[in-house]
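Below is one structure, written out as structure tokens; comments come after it.
The values are calculated or read from the model by the stated rules, or taken from the named source; none is laboratory data. This is a predicted model, so every value here is computed, not measured. Cβ coordinates were reconstructed from backbone atoms using ideal geometry, including for glycine residues, and neighbour counts include every protein chain displayed. Keep in mind that these areas ignore ligands, DNA and RNA; they rest on the heavy atoms of the full protein, side chains included. Shrake-Rupley method; radii C 1.70, N 1.55, O 1.52, S 1.80 Å.
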Amino acid sequence: MPKDISEMAGQFGHGLLLTLAMTALVFAGAVLLGLLLAVFRISPVLPLRAAAATYVTVFRNIPLLVLLVLFVFGLPDVGLLFSLFFTVTLTMALYWAAFICEVVRAGIRTVPMGQAEAARALGLSTGQVLRHVILPQALRRMVQPLASIFIGLALSTSLAAAVGVAELTGQAQFIMLKYDNPLTSFAVTTAVYVLITLSCGLLAGRVERKVAIGT
């Protein structure tokens with residue numbers, strides 16, 4: 001029994017590390033791409049606006065599991081061979097970038113247009129206005145929405161188990177089959193996900209209060 005418990009703990013630990021790594025990488029990639037898409041959506045250049053709007057519309061209206069299956073099993077068919085972890089992480093980043101784009105765009109809209117016009121009057125370029133005037137203020141208003149996306153993203157990593165990634169949920173399924181103990185394996189998995197989401201919520205609250213004091 002102690003050996004079984006040790007093996008189960010090791011498998012859960014491996015799954016948790018993989019889940020955390022996937023969550024961090026997906027969120028970082030989604031934020032970078034989402035910011036770029038948001039800039040395109042407010043760009044005065046029509047083709048950029050149209051391309052970004054099309055991207056957001058398409059990715060927000062396709063279930064993530066469908067995208068994972070398409071990328072994991074479709075890319076090899078067209079000659080694009082990547083590791084399973086990379087393919088799943090890339091797919092999830094592309095998916096969540098569409099949601100982050102809309103959060104950023106909504107945050108930008110909360111900044112009074114007069115501030116952007118005043119910055120342009122001082123000689124700042126469009127890029128400088130975004131970087132130094134609009135985005136710093138918009139980001140203060142995006143803490144909770146981004147935290148909600150992060151929580152949803154962290155929970156959605158469980159879908160990776162459906163395409164063969166041995167993250168937390170995947171390890172729970174393996175343990176359930178090996179030890180025939182579904183209640184314990186998924187109870188532990190549930191507790192870990194709850195801990196992740198509660199920690200994120202508490203951290204977001206602290207960050208929001210901190211940036212609010214600085215405004």
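Summary table below
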| item | result |
| --- | --- |
| Potential extension, THR54-ALA118 segment - 0.36 nm per residue separation minus Cα distance | 19.9 nm |
| Region 78-124: equivalent-ellipsoid semi-axes (sqrt of 5 x gyration tensor eigenvalues, Cα, Å) | 39, 13, 7 |
| Kyte-Doolittle mean at least 1.0 and Cα axial length at least 30 Å: DSSP H helices in the chain | 2-41, 84-109, 182-213 |
| Cβ-Cβ FRET estimate between LYS178 and LYS210, R0 fixed at 30 Å, reported to 0.05 | 0.10 |
| Overall form of the chain per C-alpha gyration tensor (a/c, 1.5; a/b vs b/c) | oblate |
| Rounded Å value of the spacing that divides the Cα centres of region 173-202 and region 54-100 | 25 Å |
| Kirkwood Rh in Å, taken over region 22-122 so that all alpha-carbon pairs contribute | 15.0 Å |
| Per residue solvent-accessible surface (Å²) - region 1-118, probe of 1.4 Å | 54 Å² |
| Apportionment of accessible area to carbon and sulfur, region 85-215, percent (1.4 Å) | 67 percent |
| Measure of compaction for region 98-179 (Cα Rg per 2.2 N^0.38 Å) | 1.75 |
| Stretch gain in nm, segment PHE73-ALA28, where the contour uses 0.36 nm per residue and the Cα spacing is subtracted | 13.8 nm |
| Residue with peak Gaussian network fluctuation, the chain [Cα springs, cutoff 10 Å], from GLN173, GLN128, GLN144 | GLN128 |
